[in-house]
1. Out of the total accessible area of the chain (probe 1.4 Å, heavy atoms of protein only), what percent is carbon and sulfur?
2. Taking the solvent-accessible surface of protein heavy atoms with a 1.4 Å probe, what is the per residue accessible area of the stretch 154-233 in Å²?
3. Once fully extended, how much extra length lies between Glu30 and Thr128, figured as 0.36 nm per residue of separation less the alpha-carbon to alpha-carbon distance?
4. Taking only C-alpha pairs under 8 Å that are 6+ residues apart, what is the relative contact order of the chain in percent?
5. Figure the gain on full extension for Leu200 and Glu43 (residue separation times 0.36 nm, minus the Cα-Cα span) and round it to one decimal in nm.
6. Which residues make up the longest stretch of the chain that has no GluC sites (Glu not before Pro) in a DSSP loop with at most 12 other Cβ atoms within 10 Å?
7. Would you work out if the chain is rounded, prolate or oblate? Take a ≥ b ≥ c from the square roots of the eigenvalues of the alpha-carbon gyration tensor; rounded if a/c is under 1.5, else prolate when a/b is larger than b/c, oblate otherwise.
8. So which residue, out of Gly194, Gly100, Gly178, gets the largest mean-square fluctuation from a GNM of the chain using Cα contacts under 10 Å as springs?
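The values are calculated or read from the model by the stated rules, or taken from the named source; none is laboratory data. No experiment lies behind these values; they were computed from the predicted model shown. We place every Cβ from the backbone using ideal geometry, glycine too, and count neighbours over all the protein chains shown. For accessibility, only protein heavy atoms count, side chains too; no ligands or nucleic acids. Shrake-Rupley method; radii C 1.70, N 1.55, O 1.52, S 1.80 Å.
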Amino acid sequence: MIRKVVVSGLLLLLGFSFWTLSAGYVPDEELNRSAAYYAANAETEVGAPNIVTGVLVTWRGLDTLGEVTVLFLTSAIIALVLAQSNTPKGASGTGFLPSGELLTTGARMLFPLIILFGAYVIMNGHLTPGGGFQGGAILASGVLLMLLAEPSRRFGHGLITRVESFSGLSYVLVGLAGMVLAGGFLDNSILPLGRFGTILSAGAIPLISILIGLKVGAEFSSILQSLHETEDA
């Protein structure tokens, strides 16, 4: 009874907070100084129709570096903590029932489509909504699907670690190249901007998005694999 009262009270408080925010919301009639600069200079400086990607990848590239670093630390901490609960010696480690043939076949058919869609989202992040983070999460969802459909499947931590390390190191090197060859860290003008609105445009943004997508996908996949192995144990 007490639990229901507490939960009801929290829901009412949360609802009141959202109602207060929505009732007092007044949309801005014009862009603030930073947003106005981004909107006015996105085409000439970064060459990306998707201004959000231009902001995250170039103008605020250090923030993105911090975000992927936090995600890496999360993945490493989860793997370290869950390693303490590995399957004891002599345990069978087969706590999952085998999946049905229909589920397994369907997952195998969907997996390449999910990977293809993730790659599309990453490669077109500078043109349409999407980018490295979103595409990386989609790639990891394909790994999750295979883990759920085939509980006995194992994805090698070594391969995931190599992909994560390579993409992270390359990401930092591209950022440093921007400091040496252009105007600052992760400055995308180290490569030609190309023709606005085409796939090969926006300078180094597509390359940076690929590296972010691989890093995010590998880190999420590592977390999922660690959780899966612990649950199996």
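1. Carbon plus sulfur share of accessible area: 70 percent.
2. 47 Å²
3. 32.9 nm
4. 28 percent
5. Length difference between fully extended and current span is 55.1 nm.
6. The answer is 31-233.
7. Oblate.
8. Comparing Gly194, Gly100, Gly178 in a Gaussian network model of the chain, the most mobile one is Gly100.
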